[in-house]
Every structure is written in C-alpha cells, then in structure tokens.
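Below is one structure, written out as structure tokens; the observations come after it.
Just so it is clear, none of the values below were taken in a lab; they were calculated from the coordinates. Please read these numbers as outputs of a predicted model, since none were measured by experiment. When we count neighbours, we look across all protein chains shown, and the Cβ atoms used for this are built from the backbone with ideal geometry, even at glycine.
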Amino acid sequence: MNDADTSRRDRVRVVSPAFKAAMVGLVAYGVTDSFTDPLKLVNPLRYFTIQSSIALGLLMLYLCVLELRGVRVPSRLETLLRGCVLLASSVTGIVFHVLLAPELPRVEFPSHVLHTILPIAAVLEWLLFERKGVFRYRHIAVWLAYPLAYLSANLVAALFDGFYPYGFMDAAQLGYGGVGLYTLVLIAVFAALGAAYVAVDRLLGRRRDVGRSTREGSGSAAEGSVLRARPKI
C-alpha cells in the first residue's frame, strides 16, 4: 500500500465516524421534535418516517462504535440491515416529496431533517465510507419484508382506532383494493430502488477490486525490478 492509500484510509477513519455521529444527532433532533410536538395527537411511532429514522440512527450509532474500535468488515446481518435501512430512508424521502409535501401548506425544519437531510445523508454515507460489493439481489426480498410488515401492522391497528398514518393507506376512503394498488406501486418502487443500489454496489465493488489488483501488480513489478537491478555479491 502506498502513502496515498494510507493517507486516504487515515482520513476515512476520522471522517466516517464523525459523519455517522452527526447523523445520529440529526435523528435525535428530528425524532425528539416529533415526540414533543403538542399538536401530535397520535403515537409518532405509527409513522414510517419515525421508525425508519430511529432505525437509521441506531445503525449509525452501532457502526460508529465499531469503527472507533477498529472493526471495518461488515457481517452478513449488518449488510442486510444496512441495505434495509438505506432503502427505507430513501423511500421515506421520495414518498414524502412526491406524494405528501405537495399537499402541505408548509414544511417545518425538523420535518426537512427527517424527510430530506437524513435520506440524502444515508446515501452519501454509504457511497463515501462503506465497503462495496456486499449487496446481493436476493437481499431485496429481505429488505421488502419491513415495509410490508409496517403496512400490515397499521392496517390491523386501524381496525381498532380508525387511524391511518398516510392517505394512501386509508382503507376507509380508498377501500382495500385502492390500498392494495398503492401498495403494489410502492413495493415496485422499493424493489426498483433496491435493485439500483445493488447494481451500484456491485459496480463500485468491481472497480475497487480492479484498482487493488492494479496497485498490487504495480508494486510486485516494482519490487521485481529492484531485485533484478540489485548487483550480485
């Protein structure tokens, strides 16, 4: 490994946990505001945004601790959780800005933190700091289990309290057929975005491997040249 690679890795070891810690702080700010807002009449945990943000914050906190301890290689479970949380956070931002924000008179800053800043930060953190080449297309089925479980749990809860967190889940207004149609569209969005993340991950992983092989080959060639040039004694 040359000096440039060593310097780059040293910078990542400092910046990556700091970036993750900042994301944890943003999650704490946005989620705390949701729980302390006197206008909120329902449990904020019924919202997908709050659940996915808490999951993102806990994951970043966990990974930050691992990095500070010098652990960098993700386990299979960590890879599945990272993909699931990354996908959920991204869809949170997309659905909010496409379906929900246009109907709101104004969006407060804490809401922007949860629906805009954190989804973008989650993608940047993955692109800039995390190991690539670990996602697989079969992981998408696992990633989709969470939004489906969330939808099912809220539809069951709404049978008792009549509350639907989002208009596209309102079976009282849309009927279960309408909710099912929205669900199919959203699951298709989840799956397509998940496939895109896997494709990018595999592409970047291959580039990393090619770059590493090239550097190792160059180093071996240089070492061989030195050995050949060394005078015989």
Residue span residue 61 to residue 29: 0.36 nm per residue of separation minus Cα-Cα distance leaves a gain in nm of 10.1 nm
Inter-part gap, Cα centre of the stretch 56-108 to Cα centre of the stretch 114-140, in whole angstrom, is 7 Å
Zone reached by a paramagnetic label modelled 7 Å from residue 101 Cα along Cα→Cβ, restricted to the stretch 117-134 with backbone N below 16 Å, covers 117-123
